[in-house]
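Heads up, the thing below is written out as structure tokens.
Each reported figure results from applying straightforward, stated rules to the coordinates on display, with no laboratory input. Please read these numbers as outputs of a predicted model, since none were measured by experiment. Ideal geometry is used to build each Cβ from the backbone, glycine not excepted, and the neighbour counts take in all protein chains shown.
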Amino acid sequence: MASAAGLVALAFEARLARGLARLATSEQVRPMRWLLLREPDAGEAYLVLYGADDDPDEAAPMLLRLAKKRQARRLPPTGVANVHGLLSSVTVIVPWIDGSPVWTRHPVTTLDLTTERDRSRLTYLKGSEPPGQ
């Protein structure tokens, strides 16, 4: 039984990898500014993304959790990425930074900074405030 579950998980991972590879080379590309943040407690790495031409004080930022913490080690704190994929409310995108894809297994999340929940989440990721406060 455990081996059957393992095979299903392996098949899912392979399908996900193929889908991400197709997405990473898609022709749907949009330049976006990004800021690298790390979760203070667990150290998970996130990119906060804005449209390259958007005013960060007025545009809703998007939050993307990186697949592996070690990916963040090679990234500068800010920059511009060529983001492959369609941007919608629930989608997986693949940013390219300095000529390499930055992988994720998670959909991008659009933050609504008019809500306390999303403002608190962003503040927490910036390290200014513990979670839940």
Report the chymotrypsin sites (Phe, Trp or Tyr not before Pro) located in the stretch 34-102 that are in a DSSP loop and have at most 13 other Cβ atoms inside 10 Å of their Cβ, or state none. none
Can you list residues from other chains, or at least 5 along the same chain, whose modelled amide H is less than 5 Å from the amide H of residue 97? 102
